[in-house]
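Below is one structure, written out as structure tokens; comments come after it.
The values are calculated or read from the model by the stated rules, or taken from the named source; none is laboratory data. Nothing here was measured: the structure is a model prediction, and the numbers come from that model. Backbone-built Cβ (ideal geometry, glycine too); neighbour counts: all protein chains shown. Accessible surface areas use protein heavy atoms only, side chains included; no ligands, DNA or RNA. Shrake-Rupley method; radii C 1.70, N 1.55, O 1.52, S 1.80 Å.
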Amino acid sequence: MQKWFFRLRYRSAFHAAVVLILIICWSGCGETYRPVATPIAPNPPNPNFSHLALVISVNGTSHPGASTTIDVSGDTAVSRSTVGLVPTYAALVQGGFRVYVADSGDDTVTSFSPTSATPVTTISLPAGSAPSFVATGESSTVYVANSGNNTVSAISIVSNVLEAPLAGINVGVNPVSLAETPNQQYLFSANRGSGGTGGSVTSINPVDRSVNPPIANATWSSPVSVVARSDSNRVYVLDQGSGMVSAIDPPSNAVVTSVSVGVGANFMLYDTTRNRLYVANPANNTMTYLDASSDALSAIVIPIANPVSVAALPDGSRAYISSAAVSGGNVTSSVTVINAADGSVKSTIPVTTATHVCASNPSELMMAAAADSSRVYVGDCDAGNIAIIQTLNDTLLLQMPAPFSASFAANGNPLPQNPVFVVAGP
């Protein structure tokens, strides 16, 4: 009985203490609810998403195009952004953290993060600019070749606005390619001209955006590509009309040598690993690579049927050449693998056969190699997909569909957009 009494008294005291604490809290805090916030750590970034590839696709002439970012390690599309009308080219800047896309159909440049669909910033150019190319060797400015009004525009990467001169830097007729030397002292514009003639190459001072004197010892027909050597001491120009590759010494502003790769050559890639130029000539069915370590530009010519574009693995082991054979309204695409050491053909990878809907130029089967050399990407414009090649065994791993377009097939299903440009990030 005594034990029960003490137990009851203890419980009563405990209950009274609880009530007293509640009363004190109520009187001290009033009726204000004071939540306790517990920090929740965000999901960490995917440690495997260390390399990316970016694909630009066209959605007809009156609908916005798209950008697709591919995670190299996961072979998946991780982000898709909407860009402007008829996008033609893209550049990854700031170590791959920012994208700039030239939208030729609405005189704009769109900018965004490759890993996030939004926000997308649209930079308007002067009416009639028809931008066709973007490039930079800087961290603060990106340059745009405007084929429509024969100018080069400068855009601030920091503020995403046009920089002076707002009307653009006047260059030759139909600028289609740009290259800035890595030391940021020279910017070159390859101006294609019209009808296979009237082309030129313009040298620009990026510091004050003035145009340098005409390049000495030069005769141009229709330059279509310009690239800068990694040491900034040479710039190379491919002239489709004359079939020549010319080496320019930037400080003296003069051509120091020229070699023939055949009339009709229309694509050139500079391989920084092997210090080599790859040149595709669909007119001659050849792929020529030139040793850029000296002005001799010694050449090795590889017979390749209908070459379109080239991608070189950063590890220096192989190069991949896309080809497109048109027959009866269809186009059959393939990729030829060559050993970079001696130019021998290693294998040929069939890609697809599709209705021929895209123009026969480098954008039909544009290529890029992943920074870790594990993948090669082919933007298959006609088929509406991105072919992914696994370089471990040089096989076609998968074909990733491009985003849906505004057009529909006869059965009512939406058609894919047409990939026209591929670039790989660091």
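Tabulated data
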| read-out | value |
| --- | --- |
| Residue of F112, F404, F188 that the Gaussian network model of the chain assigns the largest fluctuation, springs spanning Cα pairs under 10 Å | F404 |
| Sequence-distant residues sharing a close amide H with A130 (under 5 Å, placed H) | D107, G148 |
| Listed residues L162, L52 arranged by accessible area, highest first, probe 1.4 Å | L162, L52 |
| Prolate/oblate/rounded label for the chain (Cα gyration tensor, a/c 1.5) | prolate |
| Assigned charges on the beta-carbon of Lys, Arg, Asp, Glu; the stretch 149-305 dipole about Cα centre (debye) | 200 debye |
| Sum of -39500 (n - 2.57) over DSSP H runs of 4+, divided by residues of the chain (222 nm, nearest 500) | -2500 deg cm²/dmol |
| Accessible area in square angstrom per residue, the chain, 1.4 angstrom probe | 44 Å² |
| Heavy-atom accessible surface of the chain: percent carbon and sulfur, 1.4 Å | 57 percent |
| Length released on extending from S327 to A117, taking residue separation times 0.36 nm less the Cα-Cα span | 71.8 nm |
| Part-to-part distance (alpha-carbon centres) for the stretch 273-347 and the stretch 103-162, which is given in Å | 30 Å |
| Accessible area, probe 1.4 Å, largest first, for residues L397, L290 | L397, L290 |
| Three-way shape label, the stretch 258-349, alpha-carbon gyration tensor, a/c 1.5 | oblate |
| Point-charge dipole on Cβ atoms (K/R +1, D/E -1) for the chain, about Cα centre, debye to 20 | 1840 debye |
